[in-house]
Amino acid sequence: MLDHEELTGMTVDKLKKLGREHQIKGYYKMRKEELLEALTGFSQSPVTEGTHRQICALLEGEPKIYELRKMAKQLGLTFQRNMKKTELIDRIKRVLVKHPNGKPSSKTFSSHGTSQTKQKRTQPEPVRELKNSYGKDKMVGLAVNPHWIHFYWVFSSQTEHLLDELAQREITMYLRVYDVSMIQFDGSNAHRTLEYRLDLKSTQKYYVHVPSADASFLGEIGYYNEQGQFIPLLRSNLVRTPADSFSIKREEKWLDRSSGFRFSELSKGMFTPVVMKGIGGSSASFEEMAQQKFVWVSRPIQSGRG
Amino acid sequence: MARGFFSLVLHAHLPYIRHPEHEEFMEERWLFEAITETYVPLLRVFQRLEKDSVPFAITMSITPPLMEMLESKDLQEKYIRHLEKLIKLSEKEIDRTKNEAPQKHKMAQFYHDDFQETLHIFRDQYHGSIIRGFIHFQEKGNLEIITCNATHGFLPLMERYPQAVRAQIHVGKNTYRKHIGKDPVGMWLAECGYTPGIDRYLAEESIRYFFVDSHGFWYAENQPRYGVYRPMVTENGVMAFSRDPESSEQVWSAETGYPGDYQYREFYRDVGFDRELDYIQDFIDKSGVRVNTGIKYHKVTGNQIDLGAKEYYDFYQALEVAKEHARDFAWKKHHQAEKLYDTFQGVQPIIVAPFDAELFGHWWFEGPFFIEHLFREMAKGMSVEAITPSRFVENHLTTLQINTPEASTWGANGYNEVWLNGSNDWIYPHLDEMIERMIELANSFKHEQDPLKTRALNQAARELLLAQSSDWAFIMTTGTTVEYASKRTKQHIERFMKIFRWLQWDEVDEGELQHFEWIDSIFDDIDYKVYATES
């Protein structure tokens with residue numbers, strides 16, 4: 001394997017030449033980072049034992065292209081959308097070659113190069129990779145904004161076991177998100193249900209786009225039994241998405257501070273017009289606009305400071 | 001009679017970065033830069049206004065971690081060493097610039113005098129404790145110091161756990177009392193992060209008011225009759241003030257805001273990067289990593305001008321621009337207040353303008369002078385009067401709307417995206433687990449008498465609070481110094497989990513506990529029982 005630092009300084013043409021010499025598949029259409037990765041055979045992110053197992057499991061089965069893409073993404077590999085299955089497998093395999101035993105690569109941090117005078121303990125604390133699960137079953141939903149919810153989940157070893165069993169029976173797992181605004185949810189009365197097919201071995205979190213702001217949602221993870229009935233394994237907390245429009249209530253409640261007297265008045269709406277910065281364009285690239293959404297006049301991003 | 005009021009709110013915050021185990025530590029510079037460029041310059045502004053009997057009213061949230069750092073003896077000593085070095089560098093620069101452009105030489109002299117004065121104020125006038133300075137102006141009635149939730153934890157993402165929110169707020173209040181000597185009247189919620197219900201915990205701690213972003217009011221439970229220009233009171237009896245979007249845009253906006261003026265100092269050209277390594281190496285990080293020193297010779301010059309093509313900066317020219325901007329802003333507030341007063345048919349609006357304190361001075365070098373001249377302008381008899389929230393409530397608020405603001409933050413796009421996205425979502429399973437375990441510990445050791453175990457329990461609470469600083473998630477999103485933020489997060493998680501195991505197995509390692517207490521020594525008076533479930 002070649003020295004990463006030395007390669008970083010080279011031009012893409014030079015790297016491509018090296019790629020040819022080293023018989024790297026598809027070197028001619030790779031971008032710089034991809035070439036660097038291919039030539040040095042490593043990705044930036046460390047491969048933990050868990051990930052290693054995941055990779056093996058994935059490659060041993062008959063991976064779908066999207067599963068491979070997801071894995072490549074998870075490993076921090078750069079790849080192109082049009083890459084073939086075999087090429088992706090090739091890239092992922094190279095990670096295994098670099099980390100043959102799946103040992104966690106010990107990430108060391110520089111101690112900012114200062115002399116350690118008053119230190120009571122000479123052994124610096126190692127910063128290890130954290131484990132993913134604490135042996136509990138948990139599913140959590142967190143509102144990101146009025147239209148997005150983040151879910152994450154962790155499993156107890158019992159549930160892990162059950163999942164393995166289900167996987168052996170080739171049962172597909174789903175994340176379901178229920179719109180349960182203003183109702184007592186009984187498992188079947190949701191206003192609407194969003195469903196996502198998931199590989200729970202590689203996915204422990206998900207962002208979902210939900211149709212309504214100012215609404216309540218519940219997440220579930222589960223599968224369909226032979227009778228076509230959905231069997232939930234975990235259920236999340238209730239998540240409320242914030243409102244993104246004006247209240248339609250026609251009441252104003254008031255308090256007189258000196259007397260403590262409360263009274264109501266009919267609302268005539270806000271006295272001040274609300275002016276916001278809108279987003280638009282003369283040629284519509286909606287994808288881009290959707291990403292920009294709504295730019296608030298907000299705090300500037302500061303370099304490295306909270 | 002004033003047609004309306006203007007309330008400037010400065011939110012001063014830095015994450016708790018204190019490394020007693022290192023003689024010098026790169027990220028500790030954030031505090032030092034903020035002291036030199038923002039906190040001391042603000043005190044100097046207040047002093048000048050006081051001397052000239054110019055009335056002014058400012059609200060300032062000084063967050064608990066910042067208070068703890070400002071009051072830490074070892075950081076005070078480190079700061080003095082840092083500043084003395086900077087003075088030495090400015091001496092070298094005076095010498096060096098003799099043969100360079102005269103504008104540079106003039107500025108080198110300026111920096112030298114400025115740093116000397118800063119050292120004098122910090123060391124001789126306030127004896128290292130600049131909080132004393134702020135307290136002085138609070139006592140004079142010009143400044144209202146408020147607090148923030150304990151470690152600037154992002155409350156909307158922990159609202160599922162009342163104990164976690166309660167602890168953040170309780171510790172924020174206690175730390176204020178410890179350093180300021182009285183109870184805080186208001187609280188700045190970290191990142192303006194509010195969800196309905198948080199006001200209940202504020203009420204428990206007798207906090208009287210907090211702030212939310214504009215859309216928190218616009219989309220409130222009922223429409224607020226006066227928009228963002230009058231406070232509302234929640235059903236829990238806490239008042240909320242909202243941010244005026246116009247003031248934000250006039251000052252904040254990247255394109256049209258004042259700080260982008262071409263005469264102003266350019267932040268990104270600094271001798272720390274411009275000078276050759278041999279010359280500068282004693283004044284940058286010991287590892288050789290170049291850093292900002294604070295000595296800068298260039299001005300913004302123009303839009304989209306290469307850093308290399310920037311022209312020389314002249315402080316005195318820039319000061320004139322700052323005065324002009326202050327005048328412009330004062331008049332804008334004057335007209336805004338008059339217009340709102342008419343629209344409201346004789347009800348006085350309060351225009352609330354919150355900013356990060358560090359914008360003034362650190363990012364926008366001329367910012368403190370802008371503030372100074374803003375109050376000088378307003379003192380010339382305008383329709384708008386500067387006021388603090390408490391004073392406004394006391395004197396100008398007879399009736400107010402009962403209402404609940406909507407969930408909101410002042411982060412990009414107005415919600416939680418900055419603190420919850422693909423770059424930082426990995427922290428939440430850990431933070432949630434820590435909260436659950438902390439509650440478990442507090443409940444099962446509710447009546448613990450053993451001093452060692454009590455210490456361990458308190459340290460566990462500190463590690464949790466430190467891990468919850470919104471700064472770590474913020475840094476992961478912005479992509480600078482991510483390594484440090486991840487490391488800090490992981491270390492606090494690990495230390496917490498270790499302490500948890502000690503308590504679980506009844507084998508507290510006193511030596512290591514002492515080490516944790518030393519390196520994470522925030523909130524010495526903390527009581528872990530704040531996490532216990534109410535019975």
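The values are calculated or read from the model by the stated rules, or taken from the named source; none is laboratory data. Here the structure is a predicted model, which is why all the values come from computation and not from measurement. Here the Cβ positions follow ideal geometry from the backbone for every residue, glycine too, while neighbour counts run over all protein chains shown. Note: areas computed on protein heavy atoms with side chains; ligands, DNA, RNA excluded. Shrake-Rupley method; radii C 1.70, N 1.55, O 1.52, S 1.80 Å.
A simple count of charges around residue A:192, restricted to other residues whose Cβ falls under 11 Å of its Cβ and scoring Lys, Arg +1 and Asp, Glu -1, yields -1. Coordinate range of the alpha-carbon atoms in the range B:172-280 per principal axis, descending: 62, 37, 20 Å.
Sorting the Cα pairs of chain B by distance into bins of 20 Å, from 0 upward, gives 21, 54, 23, 1 percent per bin.
Shape class of the range B:449-535 from the alpha-carbon gyration tensor: prolate, with a/c at 1.5 or above and a/b greater than b/c. Just so you know, the Rg over Rh for the range B:84-126 is 1.08, from Cα atoms, with Rh as the Kirkwood radius.
Please name which of B:34, B:57, B:22 has its Cα lying farthest along the dipole of the range B:1-95 towards the positive end, using unit charges on Cβ (Lys, Arg +1; Asp, Glu -1) and the Cα centre as origin. Of the listed residues, the answer is B:57. Computed about the Cα centre, the dipole magnitude for the range B:86-147 is approximately 160 debye when only Lys and Arg (+1) and Asp and Glu (-1) carry charge, each at its Cβ. Mean partner shielding of peptide B:420-428, defined as the number of other chain Cβ atoms within 10 Å of each residue Cβ, is 4. On association of chains A and B, roughly 8200 Å² of accessible area becomes buried (total for both chains; probe 1.4 Å). Highest mean packing first, where packing is the average number of other Cβ atoms within 10 Å per residue, the peptides B:202-212, B:334-344, A:257-267 line up as B:202-212, B:334-344, A:257-267.
Computed from the Kirkwood radius of its Cα pairs, the Stokes-Einstein diffusion coefficient for the range B:77-194 at 25 °C and 0.890 mPa s stands at 140 µm²/s. Altogether, the Stokes-Einstein calculation at 10 °C and 1.306 mPa s, with the Kirkwood radius of the range B:386-529 over Cα pairs as Rh, returns a diffusion coefficient of 90 µm²/s.
Each listed q (0.10, 0.13, 0.20, 0.21 Å⁻¹) maps to a log10 I(q)/I(0) for the range B:220-326, found by the Debye formula over equal Cα scatterers with no solvent: -0.52, -0.69, -1.03, -1.09.
Near residue B:212: Cβ cut-off under 14 Å, other residues only, Lys/Arg at +1 and Asp/Glu at -1. The net charge is -4. Placing a label point 7 Å from the Cα of residue B:335 along the Cα-to-Cβ direction, the residues of the range B:254-294 whose backbone N falls under 17 Å from that point are B:256-258.
Projected over every direction and averaged, the convex hull enclosing the alpha-carbon atoms of the range B:2-93 yields 8.3 nm².
For trypsin sites (Lys or Arg not before Pro), the sites in the range B:382-478 that DSSP calls loop and that have at most 16 other Cβ atoms within 10 Å are B:446.
Rounded to 0.05, the FRET efficiency of the residue B:109 and residue B:77 pair, given R0 = 41 Å and the Cβ-Cβ distance, is 0.90. Here the accessible area is traced with a 1.4 Å probe on the protein chains. For the range B:376-529, carbon and sulfur cover 47 percent of it.
Between residue B:60 and B:10, B:144, B:145, B:146, the built amide H atoms are under 5 Å apart, and every one of these is 5 or more places off in sequence or on another chain.
Between residue B:2 and residue B:505, the simple label model (points 7 Å from Cα in the Cβ direction) yields a spacing of 6.2 nm. Based on the Cβ-Cβ distance of residue A:193 and residue B:84, what FRET efficiency does E = 1/(1 + (r/R0)^6) give at R0 = 56 Å, to the nearest 0.05? Computed FRET efficiency for residue A:193 and residue B:84: 0.25.
Principal axis extents of the Cα atoms in the range B:409-494, from largest to smallest and rounded to whole angstrom, are 47, 24, 19. Distance from the Cα centroid of the range A:195-262 to that of the range B:46-70 is 42 Å (rounded to whole angstrom). Over the residues of chain B, the helix contribution to mean residue ellipticity at 222 nm works out to -14500 deg cm²/dmol, using -39500 (n - 2.57) for each DSSP H run of at least 4. Other residues lying with their Cβ under 11 Å from the Cβ of residue B:406 contribute a combined charge of -3, Lys and Arg counting +1, Asp and Glu -1. For the range A:129-233, the Kirkwood estimate of the hydrodynamic radius, built from every pair of different alpha carbons, is 14.7 Å.
Restricting the GluC sites (Glu not before Pro) of the range B:422-469 to loop positions (DSSP other than H, G, I, E, B) with no more than 11 neighbouring Cβ atoms within 10 Å leaves nothing. The dipole here belongs to the range A:148-237: it is taken about the Cα centre, uses +1 on the Cβ of Lys and Arg and -1 on the Cβ of Asp and Glu, and is about 180 debye. Projecting the Cα atoms of B:325, B:492, A:153 onto the dipole axis of the protein assembly as shown, where Lys and Arg carry +1 and Asp and Glu carry -1 at the beta carbon, places A:153 farthest toward the positive end. Where does the Debye-calculated log10 I(q)/I(0) of the range B:141-230 sit at q = 0.15, 0.18, 0.25 Å⁻¹, using only Cα point scatterers of equal weight, no solvent? Evaluating at q = 0.15, 0.18, 0.25 Å⁻¹ gives log10 I(q)/I(0) of -0.58, -0.80, -1.27. Computed from backbone phi, the HN-Hα couplings of the range B:137-142 come to 6, 5, 5, 6, x, 8 Hz, rounded to whole numbers (Karplus: 6.51 cos²θ - 1.76 cosθ + 1.60, θ = phi - 60°; Gly and Pro given as x). When the square roots of the Cα gyration tensor eigenvalues are ordered a ≥ b ≥ c, the ratio a/c for the range B:341-416 is 1.5 or more and a/b does not exceed b/c, which makes its shape oblate. Remark: the range A:153-159, residue by residue, has Karplus-estimated 3J(HN,Hα) of 8, 9, 10, 7, 5, 4, 5 Hz, where x stands for each Gly or Pro and the curve is 6.51 cos²θ - 1.76 cosθ + 1.60 at θ = phi - 60°.
Sort out for me the Cα centre separation of the range B:133-205 from the range B:273-315, rounded to whole Å. Cα centroid to Cα centroid, the span is 38 Å. In this Cβ point-charge picture (+1 for Lys and Arg, -1 for Asp and Glu), the protein assembly as shown has a dipole of about 1060 debye about its Cα centre.
Amide H contacts for residue B:153 (H built 1.01 Å from N in the peptide plane; partners 5 or more residues away or on another chain; cut-off under 5 Å): B:470. The distance between label points at residue A:258 and residue A:17 comes to 8.9 nm (points 7 Å beyond Cα on the Cα→Cβ vector). Histogrammed with a bin width of 10 Å, the alpha carbon distances of the protein assembly as shown distribute as 2, 11, 20, 24, 22, 14, 6, 1, 0 percent, first bin at zero.
Excluding same-chain neighbours fewer than eight residues apart, the lysines reachable from residue B:380 by a Cα-Cα span under 22 Å are B:51, B:140, B:323, B:332, B:333, B:339.
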